[in-house]
Amino acid sequence: MAVLAKAVKQDADSLLEKGHRKMDEKKVREAIKAMENQIAIIQKIPKYLGLKEKTDKKIEERQTAIEALEKQLPKKVDMRTEYKDLNGAMVCFEGFCPSCGCAVEYYRNKSCNRCTQMLDWSKN
């Protein structure tokens, strides 16, 4: 199973080499903050101007973008369980997605298959 873990890491590394970049966490947080600032500005548009429908739509669009960006920030897996072989070597981890509760396995999932939340498999 250690071979499996090594193969998974090699696959991830080869994807990165082919242009599949990891999201820069700092940039994601900055984009979320910018969207939140835009929402605050849009909410200050006076309702008497007759733009309520348009402003509500703009706010909803930005809230959807924030939700999608937040899924790019890894969250700790709930109830992370380690499985070892008879020699004590780590075989895999299992746990639950912190966003939707779906069962996930480390060697298969860097993100949740159901909700696409990026997962943090670290112990601490």
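Just so it is clear, none of the values below were taken in a lab; they were calculated from the coordinates. Just so we're clear, the structure is a prediction, and the values are computed from it rather than from any experiment. FYI the Cβ positions are ideal-geometry reconstructions off the backbone, even for glycines, and counts take in every protein chain you see.
The chymotrypsin sites (Phe, Trp or Tyr not before Pro) of the stretch 42-96 include none that meets both conditions, a loop assignment by DSSP and at most 14 other Cβ atoms within 10 Å of the site Cβ. For LYS54 and THR116, what does the FRET efficiency come to when R0 = 25 Å and r is the distance between their Cβ atoms, rounded to the nearest 0.05? It comes out at approximately 0.30.
For the pairs LYS33/LYS75; LYS44/LYS76; LYS26/LYS52; LYS47/LYS71; LYS54/LYS110; LYS52/LYS76, note any where the Cα-Cα span goes beyond 28 Å.
Numbers: LYS33/LYS75 18 Å; LYS44/LYS76 36 Å; LYS26/LYS52 33 Å; LYS47/LYS71 32 Å; LYS54/LYS110 37 Å; LYS52/LYS76 39 Å.
LYS44/LYS76; LYS26/LYS52; LYS47/LYS71; LYS54/LYS110; LYS52/LYS76, as the Cα separations exceed 28 Å there.
Evaluating 6.51 cos²θ - 1.76 cosθ + 1.60 at θ = phi - 60° for every residue in the stretch 95-100, the Karplus couplings come out as x, 10, 4, x, 8, 10 Hz, glycine and proline recorded as x. Take every DSSP beta bridge whose two residues both sit in the stretch 75-120; close to 80 percent of them are antiparallel.
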